[in-house]
1. What is the dipole size for the range 13-141, taken about its Cα centre, with +1 at each Lys and Arg Cβ and -1 at each Asp and Glu Cβ, in debye to the nearest 20?
2. Using R₀ = 45 Å, calculate the FRET efficiency as 1/(1 + (r/R₀)^6) where r is the Cβ-Cβ separation of Asp33 and Asp263; round to 0.05.
3. Loop-only GluC sites (Glu not before Pro) in the range 18-110, please: DSSP not H, G, I, E or B, and at most 12 other Cβ atoms within 10 Å.
4. Using helices alone, I'd like the mean residue ellipticity at 222 nm for the chain: each DSSP H run of four-plus residues gives -39500 (n - 2.57), total over residue count, nearest 500.
5. Can you list the HN-Hα couplings for the range 135-152, worked out from phi with the Karplus curve (6.51, -1.76, 1.60; θ = phi - 60°), rounded to whole Hz and with x for Gly and Pro?
6. Relative contact order for the chain: what percent, with Cα pairs under 8 Å and sequence separation of 6 or more?
7. For the residue pair Thr272 and Val322, what label-to-label distance in nm results when each label sits 7 Å from Cα along the Cα-to-beta-carbon direction?
8. Rounded, prolate or oblate: pick one for the range 5-291, where a ≥ b ≥ c are the square roots of the eigenvalues of its C-alpha gyration tensor, a/c under 1.5 means rounded, and failing that, prolate if a/b is larger than b/c, else oblate.
Amino acid sequence: MSVQALGYLRIGSDKLDDWSSFATGWLGMQATDGANASRAFRMDDRRQRLIVDRELPDTERCFGWELADAAALDALAERLEQAGVAVRREPAALADQRFVRELISFADPAGNRLEAFHGAHVADEPFRPGRGIAGFRTGTLGMGHVVLMVPQMETALPFYRDLLGLRISDYIRGHPTAYFLRANARHHSVALFETPKQGLHHLMMELFVLDDVGAGYDIALGEADRVAVTLGRHPNDLVTSFYMRTPSNFLVEYGWGGREIDDATWQPSEMTSVSSFWGHKGLIRSVAGDAAPPEQVTPPGSGGRHAPLQVAEGTYQQVSGVCPWWDALAERSRASAA
Ligand code: FE
């Protein structure tokens, strides 16, 4: 059975206090009672979504993938073992620490530690955000997405697609080669970028309300060098976001308005460019480093690239059409699409 969502992220860092103030004051997560050596943070009804552990090496990341039930977890373990991947059935004590019912662990071809689980514990208390945000968009979509820089696409892609069961949403070949893979309706739960560098590039967290991303941008702009990538909009998942530096050496993409994909009708397609509709200055350099080619800047007005906003019920109000010129244009484009 396939993984359903990115359930949690666990990272090694000894900067526990820095992470506490960053996760609560900047991201709006809720700190839970952490052990001496670790801190855990909530973003919804789950007991924890992000765990920062001093006892792990600083570069160590562990990605927690969620499955439907025990049968699905067993089937995944079997599929991995048949493909020659070493799988460890973790003891109940470790599952308790992760607040899940059952847990296995293994590594991807790049050496990242992965865990797969079912039966995540739900907290008794409602989520209380660390700053005044309306909340994160999680649920069946999981905690967000991660982007991994991998040395070899030819081993990484089959692992995530054929063994974990993720589906390709879209891809680009060359400069860089990248695949965006989904586990649920979120456009991607993981993206793989083939680069000489290796490791976690960013974790994307999606807010329900655009204003919370804007207020987060204000806070981040208040500190020199906190913003790594400016506000912009992606052409494939349609997320409007910016990227912040964290106390560790990866970024958090703080976004809003991600599209949902219908498996029944979606066809994977090759993108001609990963460059954004607008903004996101610094993104290409953050992936490829100083060796990056100069970022292509689309001259204003030449691109004409836009897409409808992806809004959740209760977060918008429709305005009346009051402009005959625009209404006629919209009518013509509807007619030509029909
Ligand atoms: Fe992203």
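Quick note: the coordinates plus some simple rules give every number you see, no bench work behind them. Only a predicted model underlies this, so the values are computations on that prediction, with no experimental measurement involved. Reconstructed Cβ throughout: ideal geometry from the backbone, glycine too, with neighbour counts over all protein chains shown.
1. 360
2. The value I calculate is 0.70.
3. Glu55
4. -5500 deg cm²/dmol
5. x, 9, 8, 10, x, 5, 7, x, 7, x, 9, 10, 10, 10, 8, 10, x, 9
6. Details: 708 pairs, mean separation 49.8, N = 338.
Relative contact order here is 15 percent.
7. Computed distance between label sites Thr272 and Val322 equals 3.8 nm.
8. Judged from the Cα gyration tensor, the range 5-291 comes out rounded (a/c under 1.5).
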